[in-house]
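Participant: The structure follows.
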Amino acid sequence: MEKAILRQIVEGQKKDLFPKIEIVERELLAELRKWLADSRVLALTGIRRCGKSTLLKEIMQSSGGWCYANFEDERFLDFRAQDFELLNEVLIESYGNARTYFFDEVQNIEKFETFVRRLQDQGKKVIITGSNASLLSREFGTRLTGRYKSFEIFPFSFREFLEFKKVKRSKNDIFIAEKRVALLKLFEEYMAVGGLPEYLKNLDKDYIRNVYENILYKDVIVRYAIRKQKVIKELVNMLGTSIASPFTYNSLKTSLGLSNAITVKEYISYLQNAYLFFELQRFSYSVKQQLNSPRKIYLVDSAFHNICGLNFSENKGRVLEDAVFIELKRKGKEVYYYSNKSECDFVIKEGSKITKAVQVCYSLGKGNREREINGLLEAMGKFGLKEGMIVTYEQSEEIKVNNKKIAVVPAFMWMLEYAP
């Protein structure tokens, strides 16, 4: 690329870097600031439009001596790895001799990791964002093993959603009837619209459709050169209507009319790399049994349930379970489901032990009470847990069975106060 064009891009991005808008401070920001003095590259990955770029700018505002380039700018289409040194000259001319380099959506440039490694060798701090999980496993795996620290970024949590809505609250709000009702209503809205920051500003359904299509086409179909586009679209619809339900690669293979289950496995891995879906494995002490057991699938944000037609039959219990799973992922937990005689939705592993068991249901009633409690108790007994939790939409209760205690908690309270 010509230096004049690079200068035009860098200066234009610099001018528009901090628009005069109110920004929700992300929960992860404080943790990220702790690592600014560390020598490793910081890599922020997550689904498109979940707020990675804004988070990057929040970090910039608490740092000094930095420079910035956003590679999602269409003017970078002709940029190649050999242009990095020229870009570096332009960045120095524009920002001065920066200590910290911020690169947005850097995975768009092939062999970017070579330049990042060189900057790191020169004592520079490098912070990057990317919309694909394989950014780390493949590109970084060869050049920067042990020299980077990764963070997964998700759409707004319910806590951040309340911040966006300018809701001021205290811990005692859950004990005050009017405030508790108001929080429940806000949670109902959160479950309907999700947590993608830009969508929350205008609730434009076309925006969500465009985000979804960009993920499917740019981050999956184009990135992995998929020729069977109809098949992967059918797969996405199947997964979207099967949230929180067990599946096997073979069952999906048959439903899609494919001859090989490996194709299904690969396609799902691509969708996971793009952070659209997440697989959940059944817990087993046997790795072989764990790998061969049915899996479950979850969707990254509830806006896609309601906007993209991924959930044709309304099922509030599954959507609630999906939201609880994503909250556990957001907290960085290692999560599995438990299934034997009965089933427990989530068990959380810390180190080599299962330390928590969580059941999710929209409401506890005559039709499901025994089943939900027994599933949780079986998991608690299996892993020697004295306490467990059932997350519901709005019910509260404490259940004691023998020497075990089960807290029944509304989901909005769980997300604000109890989530591990």
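The values are calculated or read from the model by the stated rules, or taken from the named source; none is laboratory data. Predicted model, so just to flag it, every value in this text is computed and none were measured. With ideal geometry, Cβ positions are generated from the backbone for all residues, glycine too; neighbour counts draw on all protein chains shown.
Participant: Which count do you get for residues in the range 382-420 that are under 22 Å from Lys349 (Cα atoms) and touching a Lys or Arg at 6+ places or on another chain (Cβ under 8 Å)?
Facilitator: 14
Participant: Out of the residues in the range 33-80 that are over 25 Å from Arg330 (Cα atoms) and of a type in the set (A, V, I, L, M), state the one that is surrounded by the most Cβ atoms within 10 Å (Cβ to Cβ).
Facilitator: Residue satisfying both the conditions and the ranking: Ala69.
Participant: OK, next. Return yes or no: is Ile226 of a type in the set (Val, Ile, Thr) and within 30 Å of Glu343 (Cα to Cα)?
Facilitator: Judged against the criteria, Ile226 is not a match.
Participant: From Ser94, Ser53, Ser62, which residue is among the hydroxyl-bearing types (Ser, Thr, Tyr) and either under 24 Å from Ile215 (Cβ atoms) or touching a Pro at 6+ places or on another chain (Cβ under 9 Å) (or both)?
Facilitator: Just a single option satisfies the conditions, and that option is Ser53.
Participant: Given the options Leu239, Leu258, Leu200, name the one that is touching a Leu at 6+ places or on another chain (Cβ under 9 Å) and not in a loop (DSSP other than H, G, I, E, B).
Facilitator: None of the others qualify; the one that does is Leu239.
Participant: Please note which helices (runs of 4 or more DSSP H) are completely contained in the range 1-66 and include at least 3 residues that are over 17 Å from the mean Cα position of the chain (by Cα) and among the hydrophobic types (A, V, I, L, M, F, W, C).
Facilitator: Hits in the range 1-66: 3-15.
Participant: Being under 15 Å from Phe164 (Cβ atoms) and not aliphatic (A, V, I, L, M) is the filter; apply it to the range 13-29 and report the residue that is surrounded by the fewest Cβ atoms within 10 Å (Cβ to Cβ).
Facilitator: Of everything passing the filter in the range 13-29, Glu22 is surrounded by the fewest Cβ atoms within 10 Å (Cβ to Cβ).
Participant: Here's another thing I want to ask about it. Check whether at least one residue in the range 358-371 is in a helix (DSSP H, G or I), out of contact with any helix residue (DSSP H, G or I) (no Cβ under 9 Å at 6 or more places or on another chain) and in contact (Cβ under 8 Å) with a residue 24 or more places away in the chain, and report yes or no.
Facilitator: Yes; the residues of the range 358-371 include at least one that is in a helix (DSSP H, G or I), out of contact with any helix residue (DSSP H, G or I) (no Cβ under 9 Å at 6 or more places or on another chain) and in contact (Cβ under 8 Å) with a residue 24 or more places away in the chain.
Participant: Just to verify a result, which residue in the range 377-413, among those that are in contact with a strand residue (DSSP E or B) (Cβ under 7 Å, 6 or more places away or on another chain), of a type outside the set (A, V, I, L, M) and part of a loop (DSSP other than H, G, I, E, B), is farthest from Ser170 (Cα to Cα)?
Facilitator: Per the stated criteria, the residue is Phe383.
Participant: Within the range 81-111, take every residue that is out of contact with any strand residue (DSSP E or B) (no Cβ under 9 Å at 6 or more places or on another chain) and charged (D, E, K, R) and give me the one that is surrounded by the most Cβ atoms within 10 Å (Cβ to Cβ).
Facilitator: So, considering only residues that are out of contact with any strand residue (DSSP E or B) (no Cβ under 9 Å at 6 or more places or on another chain) and charged (D, E, K, R), the one surrounded by the most Cβ atoms within 10 Å (Cβ to Cβ) is Asp83.
Participant: Oh, and also: Mind checking whether some residue in the range 286-298 is modelled with pLDDT of 90 or more, closer than 25 Å to Ala261 by Cβ, part of a loop (DSSP other than H, G, I, E, B) and β-branched (Val, Ile, Thr)?
Facilitator: So far as the range 286-298 goes, no, none of its residues is modelled with pLDDT of 90 or more, closer than 25 Å to Ala261 by Cβ, part of a loop (DSSP other than H, G, I, E, B) and β-branched (Val, Ile, Thr).
Participant: Among (1) at pLDDT 90 or above; (2) part of a helix (DSSP H, G or I); (3) not charged (D, E, K, R), which single condition is Gln107 missing?
Facilitator: Only one criterion in (1) at pLDDT 90 or above; (2) part of a helix (DSSP H, G or I); (3) not charged (D, E, K, R) is unmet by Gln107, namely (1).
Participant: Moving on. Considering each of Tyr275, Tyr336 in turn, give the residue that is at pLDDT 95 or above, in contact with a Ser or Thr (Cβ under 8 Å, 6 or more places away or on another chain) and closer than 30 Å to Gly351 by Cβ.
Facilitator: Tyr275 is the lone residue from the list that is at pLDDT 95 or above, in contact with a Ser or Thr (Cβ under 8 Å, 6 or more places away or on another chain) and closer than 30 Å to Gly351 by Cβ.
Participant: Exactly one of (1) of a type outside the set (Ser, Thr, Tyr); (2) within 20 Å of the chain's Cα centre (by Cα); (3) part of a helix (DSSP H, G or I) is unmet by Gly195. Its number?
Facilitator: (3)
Participant: Now a separate question. From (1) of a type in the set (D, E, K, R); (2) modelled with pLDDT of 95 or more; (3) within 19 Å of the chain's Cα centre (by Cα), pick out the condition that doesn't hold for Arg318.
Facilitator: (2)
Participant: Which condition from (1) surrounded by fewer than 15 Cβ atoms within 10 Å (Cβ to Cβ); (2) within 30 Å of Gly123 (Cβ to Cβ) is the one that Asn210 breaks?
Facilitator: All conditions pass for Asn210, except number (2).
Participant: (1) assigned to a helix (DSSP H, G or I); (2) buried (at least 17 other Cβ atoms within 10 Å of the Cβ); (3) out of contact with any helix residue (DSSP H, G or I) (no Cβ under 6 Å at 6 or more places or on another chain): which one isn't true of Thr114, the others all being true?
Facilitator: Condition not satisfied by Thr114: (2).
Participant: Restricting the search to the range 175-204, which residues are touching a residue at least 60 places away in the same chain (Cβ under 8 Å) and either touching an Asp or Glu at 6+ places or on another chain (Cβ under 7 Å) or over 17 Å from Ala411 (Cα atoms) (or both)?
Facilitator: Passing the criteria: Leu183, Leu184, Gly194, Gly195, Leu196, Pro197, Glu198, Tyr199.
Participant: Can you pull out the residues in the range 242-255 that are within 24 Å of Val347 (Cα to Cα) and not in a loop (DSSP other than H, G, I, E, B)?
Facilitator: Pro246, Phe247, Tyr249
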